[in-house]
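Worksheet for the structure shown next.
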Amino acid sequence: MNYIQFQKQIEFLLKNASPNIQYRVKKEILKEATDSPEMLELQAKILTLPKVKKAFSCQRDNGFFGSVLHGVYFDGFDSTVNLLKRNGVEVTDPRMVKAKDALANWQEYERDHFYKSGNAMDEHGRGGFRAIWAEQLVELGADEGSPQIQEQISNALNAFCGALLYSTPDDFSKKATFRGQPCRYYIKGSTFPAANHISILEKTLSWRSLENLEMVRKSYWHCKEIMKDYHDGFIYINCGHFVGPFNYNWNAPKERISIHSFDDHPIDFAWFMRGLGTASISYPIFDDGNPYLVESLAEMIADEKLISNIGDEQMRHFKNYSSLVPSWRKKESIACDIYFPILLALCK
């Protein structure tokens, strides 16, 4: 995308988009200060958006969002925080600060329906309930020195360090079947990095000594080599029954992406677009992205038929799980919803 095209897309969003998208364009793409009168006015408008108001309406008196740590919008703490941040709500908002404090001082976590299975993963060092807990504290801007966050950073570093001792998947897992499908389960006491380990390290800075960075990067590529021919399905925790997984896709395809890449699994389009439009702050560790992504996104956003090529099921899932615009009554609103995450990812 050339500079003139870029400017046209920015101008289109600033003219036609809802306040949440306008705010994020100005903050994350144009790098405008959030304390200017114009930005404060946009932030005030964001707080009146229907989804934002609904999210805050599910906040308990003690500050906790919803009824569970890990769940769907308006019931799960993590999904609700994700929704608020993607809509442009700042973590400095008093209600977000209250949510952070509630989570940091949470005493009733054993009543959470995810606790039993998630705790089983924690006990095996796999990054379960407590990993989600720590990551939500990071998302809300908590001090990395908090014990919940440091515990998960330590677990992640241990997982990467331990993986250097292995040569094949048989060294840390055993073959099994689950619901008629091939899978594996971790050998007790083994360590191998999974998605939550990688996520907590990418979102934090306090662990990044030269020694740790060298070890983690060395281990990451070692794990890639171990898993390059892996075809045995998910790897679970075996605690009398299988729980999990939070596996990492070591063999994620590196190929060109188009709207038609999601024809067979329309919901994946929603997750892909939500990932592009994330409001999470991360600090990449590994140079292992899809080399065709930028080119693919540039082609998507330049395609005049982009929106008409999106299938009905793809669009339905996108609207349910990834949309930011409050109303699709105008075609310009739909265009803003689709263009914004692509443009944001290109700018990053």
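The values are calculated or read from the model by the stated rules, or taken from the named source; none is laboratory data. If you're wondering where the values come from, they're calculated on a predicted model, not measured in any experiment. All Cβ positions, even for glycine, are placed from backbone atoms using ideal geometry, and neighbour counts span all protein chains on display. Accessible surface areas use protein heavy atoms only, side chains included; no ligands, DNA or RNA. Shrake-Rupley method; radii C 1.70, N 1.55, O 1.52, S 1.80 Å.
Residues in the stretch 301-330 that are closer than 23 Å to P253 by Cα, in a helix (DSSP H, G or I) and within 22 Å of the chain's Cα centre (by Cα): Q314, H317, F318. Taking the condition of being in a loop (DSSP other than H, G, I, E, B), within 20 Å of the chain's Cα centre (by Cα) and crowded, with 17+ Cβ neighbours inside 10 Å, how many residues in the stretch 192-211 meet it? Total satisfying the criteria: 4. In the stretch 67-114, of all residues being over 20 Å from the mean Cα position of the chain (by Cα) and aromatic (F, W, Y), the one that is nearest to E32 (Cα to Cα) corresponds to W106. Return the residues of the stretch 279-300 that are touching a residue at least 60 places away in the same chain (Cβ under 8 Å) and open to solvent by less than 40 Å² (accessible area, probe 1.4 Å); say none if nothing qualifies. Residues satisfying the conditions are A279, S280, I285, F286, D288, A298.
Looking across G127, G145, one residue alone is under 27 Å from A279 (Cβ atoms), touching a Ser or Thr at 6+ places or on another chain (Cβ under 9 Å) and at pLDDT below 95. It is G127.
Among residues of the stretch 141-154 that are touching a residue at least 60 places away in the same chain (Cβ under 8 Å), those with a beta-carbon under 9 Å from a residue that is β-branched (V, I, T) at least six positions away or on a different chain give the pairs E144/V138; E144/I153; E144/T204.
Residues in the stretch 263-278 that are part of a loop (DSSP other than H, G, I, E, B) and surrounded by 14 or more Cβ atoms within 10 Å (Cβ to Cβ): P266, G277, T278.
From the residues in the stretch 279-300 that are assigned to a loop (DSSP other than H, G, I, E, B) and among the hydroxyl-bearing types (S, T, Y), which one is nearest to L210 (Cα to Cα)? So, considering only residues that are assigned to a loop (DSSP other than H, G, I, E, B) and among the hydroxyl-bearing types (S, T, Y), the one nearest to L210 (Cα to Cα) is Y283.
Candidates are the residues of the stretch 83-93 that are outside any loop (DSSP other than H, G, I, E, B) and free of Cβ contacts under 8 Å to residues at least 60 places away in the same chain; the one that is nearest to Q43 (Cα to Cα) is L84. Just to be sure, is I259 open to solvent by less than 40 Å² (accessible area, probe 1.4 Å) and free of Cβ contacts under 8 Å to residues at least 60 places away in the same chain? Yes.
Residue-by-condition table, conditions (1) of a type in the set (D, E); (2) assigned to a loop (DSSP other than H, G, I, E, B); (3) open to solvent by less than 60 Å² (accessible area, probe 1.4 Å):
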{"residue": "N155", "(1), (2), (3)": "no, no, yes"}
{"residue": "F160", "(1), (2), (3)": "no, no, yes"}
{"residue": "Y166", "(1), (2), (3)": "no, yes, yes"}
{"residue": "K174", "(1), (2), (3)": "no, no, no"}
{"residue": "S190", "(1), (2), (3)": "no, yes, yes"}
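Just to be sure before I move on: is G125 open to solvent by 30 Å² or more (accessible area, probe 1.4 Å), over 17 Å from the mean Cα position of the chain (by Cα), on the phi > 0 side of the Ramachandran plot and of a type outside the set (S, T, Y) in the structure I sent? Answer is no for this residue.
Look through R60, R86, R130 and report the one residue that is farther than 27 Å from L201 by Cα and either open to solvent by less than 10 Å² (accessible area, probe 1.4 Å) or among the charged types (D, E, K, R) (or both). Just a single option satisfies the conditions, and that option is R60. The single condition among (1) in a helix (DSSP H, G or I); (2) among the aliphatic types (A, V, I, L, M); (3) out of contact with any Phe, Trp or Tyr (no Cβ under 6 Å at 6 or more places or on another chain); (4) closer than 19 Å to G127 by Cβ that A252 does not satisfy is (1). Without any contact (Cβ under 8 Å) to a residue 60 or more places away in the chain, part of a helix (DSSP H, G or I) and touching a Phe, Trp or Tyr at 6+ places or on another chain (Cβ under 7 Å): is that true of S219 in this structure? So S219 passes the test. Every test in (1) assigned to a loop (DSSP other than H, G, I, E, B); (2) crowded, with 17+ Cβ neighbours inside 10 Å is passed by C336 save one, and that test is (1). Number of residues in the stretch 29-49 that are part of a helix (DSSP H, G or I) and open to solvent by less than 90 Å² (accessible area, probe 1.4 Å) equals 6. Across the stretch 223-245, the number of residues qualifying as closer than 26 Å to Y292 by Cα and touching a helix residue (DSSP H, G or I) at 6+ places or on another chain (Cβ under 8 Å) comes to 4.
Residue check: G118 meets all listed conditions (1) touching a Gly at 6+ places or on another chain (Cβ under 8 Å); (2) open to solvent by 10 Å² or more (accessible area, probe 1.4 Å); (3) not charged (D, E, K, R) but one, namely (2).
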